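A.B. asks: There's a structure below that I have some questions on.
The values are calculated or read from the model by the stated rules, or taken from the named source; none is laboratory data. What you see is a predicted model, and the numbers here were worked out from it, not measured in a lab. Cβ atoms come from the backbone with ideal geometry, glycine included; neighbour counts cover every protein chain shown. All accessible areas refer to the heavy atoms of the entire protein, side chains included, with ligands and DNA or RNA removed. Shrake-Rupley method; radii C 1.70, N 1.55, O 1.52, S 1.80 Å.
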Amino acid sequence: MDNLYDIHDLTKAYVGDAVYSMYVRKHIVDSSPRIRANDAHQLGTTFEKATSQSKALRALEDILTDEEKEIVRRAKNKKSNTKAKSATSKEYQEATGLEALVGVLYLNEKYDRLDALFEIIVRGEYL
């Protein structure tokens, strides 16, 4: 992707949401290959809900580059018409920031960086 500033910040989060879900699902299946789909879904929601994504972002803050922090900041500050069902506005904004970061890394094909961040996320020590 040549110029990610041409992509709306919430569109980056839209892409990141799908990528985040894919990474979580891959982790679940890799960890428990014989897991039933419903059980995998239940486990996946513990990682994918806004409150967990907000905590994951906070767990990553110290290792994010300045550029990554800027991506998160811009997405967090965008007004969204969507509200989280069981999260505060701040948690929802932080989750959106994390998803935007994931989207940008994916669109820039920075898979090694995504893998490194997800290694921390899937440890789930912040859950």
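A.B. asks: For LYS85, list the aspartates and glutamates whose Cα falls under 14 Å from its own Cα; do not include residues on the same chain fewer than 8 positions away.
C.D. replies: Candidates past the 8-residue exclusion: GLU48.
A.B. asks: Still on this structure, please answer the following. Which of the trypsin sites (Lys or Arg not before Pro) across the stretch 2-81 are loop residues per DSSP, with 13 or fewer other Cβ within 10 Å?
C.D. replies: Here the sparse-neighbourhood loop sites are ARG34, ARG36, LYS79.
A.B. asks: May I ask you to evaluate 6.51 cos²θ - 1.76 cosθ + 1.60, the Karplus curve with θ = phi - 60°, for each residue of the stretch 61-72 and list the ³J(HN,Hα) values in order in whole Hz, giving x for glycine and proline?
C.D. replies: Along the stretch 61-72, the couplings run 3, 5, 10, 6, 6, 4, 5, 5, 4, 5, 4, 4 Hz.
A.B. asks: Would you list which lysines come within 27 Å of LYS90, measuring only between C-alpha atoms, while excluding same-chain residues fewer than 8 positions from it?
C.D. replies: LYS12, LYS49, LYS55, LYS69, LYS76, LYS78, LYS79
A.B. asks: How much mean residue ellipticity at 222 nm does the chain get from its helices, if each DSSP H run of length 4 or more adds -39500 (n - 2.57) and you divide by all residues, to the nearest 500 deg cm²/dmol?
C.D. replies: -23000 deg cm²/dmol
A.B. asks: What is the percent carbon and sulfur in the accessible area of the chain, measuring with a 1.4 Å probe over the protein chains and ignoring ligands?
C.D. replies: 47
A.B. asks: Additional query: Amide H of LYS78 versus every other amide H placed in the peptide plane: which residues, excluding those fewer than 5 positions away on the same chain, fall under 5 Å?
C.D. replies: Those qualifying (amide H under 5 Å, at least 5 residues apart or on another chain) number zero.
A.B. asks: Within the chain, what's the longest run with no GluC sites (Glu not before Pro) in a DSSP loop and at most 15 other beta-carbon atoms within 10 Å? Give the range, please.
C.D. replies: 1-108
A.B. asks: So which residue, out of VAL29, VAL15, VAL104, gets the largest mean-square fluctuation from a GNM of the chain using Cα contacts under 10 Å as springs?
C.D. replies: Evaluated over the chain, the most mobile residue of the options is VAL29.
A.B. asks: The stretch 47-127: percent of C-alpha pairs farther apart than 18 Å?
C.D. replies: Beyond 18 Å sits 36 percent of the P(r) for the stretch 47-127.
A.B. asks: What are the ³J(HN,Hα) values, in whole Hz, obtained from phi via the Karplus relation 6.51 cos²θ - 1.76 cosθ + 1.60 with θ = phi - 60°, for each residue of the stretch 12-23 in sequence order, with x given for Gly and Pro?
C.D. replies: Using θ = phi - 60°, the values come out as 4, 5, 4, 5, x, 4, 5, 5, 4, 4, 4, 4 Hz.
A.B. asks: In addition: If the elastic network links every pair of Cα atoms under 10 Å, which of ILE71, ILE28, ILE63 fluctuates the most in the Gaussian network model of the chain?
C.D. replies: ILE63
A.B. asks: Out of every Cα pair in the stretch 65-109, what percent are spaced more than 12 Å from each other?
C.D. replies: Roughly 60 percent, once rounded to a whole number.
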